[in-house]
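As C-alpha cells, the structure follows; a few thoughts come after it.
None of the figures in this text is laboratory data; all of them are computed from the coordinates on show. Note that the structure is predicted; figures quoted are calculated from it, not measured. Positions of Cβ are generated from backbone atoms using ideal geometry, with glycine treated the same way; all protein chains shown enter the neighbour counts.
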Amino acid sequence: VQLQAFGGGLVQSGASLRLSCAASGTFSWYGMGWFRRAPGKDLEFVAAFNSKGSTTYYADSVKARFTISRDNTKNTVYLQMNSLKPEDTAVYFCAASSVVGSADWTRSYTYNYWGQGTLVTVSS
C-alpha cells in the first residue's frame with residue numbers, strides 16, 4: 001500500500017482545512033490513522049479508524065474540531081480540521097495498518113504503511 005497525503009497549507013487561526021490521503025490498492029479493511037509532528041516535538045496521534053472502519057478515535061486536543069472520514073470507493077481517507085489553532089502547526093502523516101482485529105489504533109507502531117506528510121501551518 002502506498003499513501004499520499006495532501007491538502008496542507010498556510011491558514012490563519014480559526015480557519016479550516018481538509019487533508020486527504022489517497023491509497024494505492026484496496027484499503028477498505030485497513031485501519032487508517034493521522035499523526036502529526038510539530039517542530040521539535042515527537043510524533044503525535046491525531047485521529048484514526050479501526051480496521052472495520054466502524055470506530056473512530058481522536059486525540060483529546062483535536063476532539064470536536066477534527067473529523068476523520070473515509071471513502072472506500074476512492075481509497076481515500078480525509079481529515080477535516082476546523083477551528084485551527086497555532087498549536088496545530090505540524091507535518092501531518094497518514095498511515096495504514098494491515099492489522100486485523102483488536103489493536104491500539106492510537107499508537108504509531110500499529111501502522112505499517114506511511115505517507116510522506118503534508119505541512120499545515122496555522123498563523124495567529
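Applying 0.36 nm per residue to the separation of residue 102 and residue 87 and subtracting their alpha-carbon distance, the gain on full extension is 2.3 nm.
Springs join every pair of Cα atoms under 10 Å in this Gaussian network model of the chain, and among 91, 46, 77 the largest mean-square fluctuation is at 91. The H on the amide N of residue 113, modeled in the peptide plane, is under 5 Å from the matching H of 96, each at least 5 residues off or on a different chain. Since only 100, 48, 7 are under comparison, the one whose Cα sits farthest along the positive direction of the charge dipole of the stretch 5-105, derived from C-beta charges on Lys, Arg, Asp and Glu, is 7. Shape analysis of the chain places it in the prolate category; the axes a ≥ b ≥ c from the Cα gyration tensor give an a/c of at least 1.5, with a/b above b/c.
Relative contact order for the stretch 1-108: what percent, with Cα pairs under 8 Å and sequence separation of 6 or more? Walk me through the numbers on the way to the answer.
On the way: 228 pairs, mean separation 38.5, N = 108.
The normalised contact order for the stretch 1-108 reaches 36 percent.
The string of couplings for the stretch 21-31 from the Karplus curve (6.51, -1.76, 1.60, θ = phi - 60°) is 9, 9, 10, 7, x, 7, 10, 4, 9, 8, x Hz, one whole number per residue in order, with x for Gly and Pro. Straight-line reach from residue 52: taking Cα to Cα under 27 Å and skipping same-chain neighbours fewer than 8 places apart, the lysines in range are 63, 74.
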